[in-house]
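What follows is a short report on a single structure.
The values are calculated or read from the model by the stated rules, or taken from the named source; none is laboratory data. Computed from a predicted model, the values in this text were never measured in an experiment. Cβ sites come from the backbone with ideal geometry, for glycine too, and all protein chains shown count toward neighbours. Just so you know, the surface numbers come from the protein's heavy atoms only, side chains and all, with ligands and any DNA or RNA stripped out. Shrake-Rupley method; radii C 1.70, N 1.55, O 1.52, S 1.80 Å.
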Amino acid sequence: MPPSTNELLTLARHYWPATYEESLDDAHPEHKRRQERWAQVLQQNERWDAFRRQLGLRLPDCTLAEASTTSQASLRCAVYPAKGIPMKPVHWALVGCMSILAPVYTVYGLTFDYAGRKRGKAHLHLPPLPAAMSDTARIIAQELEAHFHVTALPLEVAALPVPVAVEWTRPPQTTLFDALFDSEPTIVP
């Protein structure tokens, strides 16, 4: 059973400080708790690696890239609809994103601007995703659910404001999406 909205809000406040100034202090209790949680997650990294291997088998025409960063609160895998070295410019990517704080996940899309072969600005797409992304997104979701027994976080819950500072995002702009997943979701390899 997925956590309630109140439980998710409580988790966000447990792992993220209330103010930006507090977030700069590495000794702050929320920062320490998040570091400890990351240490636990990284000790079990073989599960994430197994998920990515299985996802690669299910998406043989795609390139997968590790996109996690310990400054945020999720494991992330970017999926690009192309293979090859160097990889040709791709116009979109998907990100499978699983919270390390709660048993929830999301799959979101990105589209990219290009100047020649140089990738520029990324644009965020939340479900429902464009048709070109939907089949691949469904496979990513199936694999996250199968490997980790997590549930998709509904968008209306993800959009709820939470009174915490996550990286550069400060209240009242901070949402549960920022706190449980990533406050900078368009930054991918």
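Which listed residue (68, 92, 154) has the Cα farthest towards the positive end of the charge dipole for the chain, taking +1 on Lys and Arg C-beta and -1 on Asp and Glu C-beta about the Cα centre?
Of the options given, the answer is 92.
Here are several values of semi-axes √(5λ) of the Cα gyration tensor in Å: (i) 68, 12, 10; (ii) 32, 20, 15; (iii) 28, 19, 16. Which one was derived from the coordinates shown?
For semi-axes √(5λ) of the Cα gyration tensor in Å, the calculated option is (iii).
Would you compute, from DSSP H runs of 4+ residues alone, the mean residue ellipticity of the chain at 222 nm, taking -39500 (n - 2.57) per run and dividing by the full residue count, rounded to the nearest 500?
Mean residue ellipticity, 222 nm, calculated: -11000 deg cm²/dmol.
If the cut-off is 17 Å between C-alpha atoms, which aspartates and glutamates fall inside it for residue 83, apart from same-chain ones fewer than 8 positions away?
Of all the aspartates and glutamates, those that pass the test against residue 83 - Cα under 17 Å, at least 8 places apart if same chain - are 61, 66.
Counting other C-beta atoms within 10 Å, and keeping those with at most 16, which DSSP coil trypsin sites (Lys or Arg not before Pro) do you find in segment 58-101?
83
Going by alpha carbons, how many degrees (0 to 90, nearest 10) lie between the helix axis of 131-148 and the longest principal axis of the chain?
That works out to roughly 50 degrees.
Would you mind checking which residues have amide H under 5 Å from residue 74's amide H? H placed 1.01 Å from N; only 5 or more apart, or other chain.
Long-range HN contacts for residue 74: 69, 100.
Explain nothing, just the number: dipole magnitude of the chain about its Cα centre with +1 on each Lys and Arg Cβ and -1 on each Asp and Glu Cβ, in debye rounded to the nearest 20.
Value, rounded to 20: 660 debye.
Tell me the per residue accessible area of the chain using a 1.4 Å probe; a whole number in Å² is fine.
Normalised by residue count, the accessible surface of the chain is 51 Å².
Angle check, please: helix 45-58 long axis (alpha carbons) against the longest principal axis of the chain (alpha carbons), in degrees 0 to 90, nearest 10.
Orientation of helix 45-58: about 30 degrees from the principal axis.
To the nearest 10 degrees, how steeply does helix 5-15 sit against the main Cα axis of the chain, on a 0 to 90 scale?
Here the helix axis deviates by roughly 80 degrees.
Given a 1.4 Å probe and every protein chain left where it sits, what share in percent of the accessible area of segment 5-181 is carbon and sulfur?
Of all accessible area on segment 5-181, carbon and sulfur atoms account for 55 percent.
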